[in-house]
Amino acid sequence: MLSAINRQEEKMMILRSLKERCAPQWAALLVVDVQNDFVSSKGSAAQRGEDVSAAQAMVPTLIRLIAEARRVALPIIYVKTVHGEWTDTPSWIYRKSQQSALKTCREGSWGAEFYDRISPLP
């Protein structure tokens, strides 16, 4: 019985590395909204009383993942939220004014910038 299990394990391909799991020609790493206002204890989310500890806890793992993606030439796509006058529709202003969140990720602000050590290479 044990030899049958060993043969079955040999047949199964166990993918352990990012390079084995993701072919760069077909995949990309998406890094979405990892910005000061959402992750930093000085950001607007934390200042409103939201718990950002889970976001902060994932940062070291994300940094390692980004480094590995760069090592295997996996494309990395960074997405960030930016709000400004051109996105402030009346309904957005009303909705966010109820939450004191209008200052989140304002165009050109520190809060809209990517969090420490999370950013695209030049």
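Ranking Phe38, Phe114 by Cβ neighbours within 10 Å, fewest first, what do you get?
Arranged by neighbour count, lowest to highest, Phe38, Phe114 become Phe114, Phe38.
Provide the per-residue ³J(HN,Hα) series for the stretch 79-86, in order, calculated from phi with Karplus coefficients 6.51, -1.76, 1.60 and θ = phi - 60°, each as a whole number of Hz, with x at glycine and proline positions.
Listing the rounded values in order: 10, 9, 7, 9, 10, x, 4, 6 Hz.
What residues have an amide H closer than 5 Å to that of Gln35, excluding those fewer than 5 places away on the same chain, when H is modeled at 1.01 Å from N in the peptide plane?
Counting only residues 5 or more places away or on other chains, the set is Tyr115.
Compute the distance in nm between two label points, each set 7 Å from the Cα along the Cα-to-Cβ direction, one at Glu85 and one at Ala28.
3.1
Looking at Ser109, Ser44, Pro60, which one has the Cα that reaches farthest to the positive end of the dipole of the stretch 23-112 (charges on Cβ: Lys, Arg +1; Asp, Glu -1)?
Positive-most Cα among the choices belongs to Pro60.
Please list, ordered by chain and number, the residues whose modelled amide H lies under 5 Å from the amide H of Arg106; skip anything fewer than 5 residues away on the same chain.
His83, Ala112
Semi-axes of the equivalent ellipsoid of the stretch 23-112: what are they in whole Å, largest first, if each equals the square root of 5 times a C-alpha gyration tensor eigenvalue?
For the stretch 23-112, the semi-axes come out at 29, 17, 9 Å.
Test of understanding: ordering Lys42, Lys19 by Cβ neighbours within 10 Å, fewest first, what list do you get?
Sorted ascending by nearby Cβ count, the order is Lys42, Lys19.
Could you pull out every residue, at least 5 positions away or on a different chain, whose amide H is within less than 5 Å of the one on Ile76? Hs are placed 1.01 Å off N in the peptide plane, and Pro or chain starts have none.
The answer is Leu29.
What ranking of Arg16, Arg106, Arg21 emerges when the number of other C-beta atoms within 10 Å of each C-beta is taken as an exposure proxy, fewest first?
The fewest-first ordering by Cβ neighbours comes to Arg16, Arg21, Arg106.
How large is the dipole of the stretch 23-112 about the Cα centre if only Lys and Arg carry +1 and Asp and Glu carry -1, each at its Cβ, rounded to the nearest 20 debye?
Magnitude of the dipole: close to 140 debye.
Just so you know, all these numbers are worked out from the coordinates, no wet-lab data involved. All values reported here derive from a predicted model rather than from experimental measurement. Every residue, glycine among them, receives a Cβ derived from its backbone with ideal geometry; neighbour counts consider all protein chains shown.
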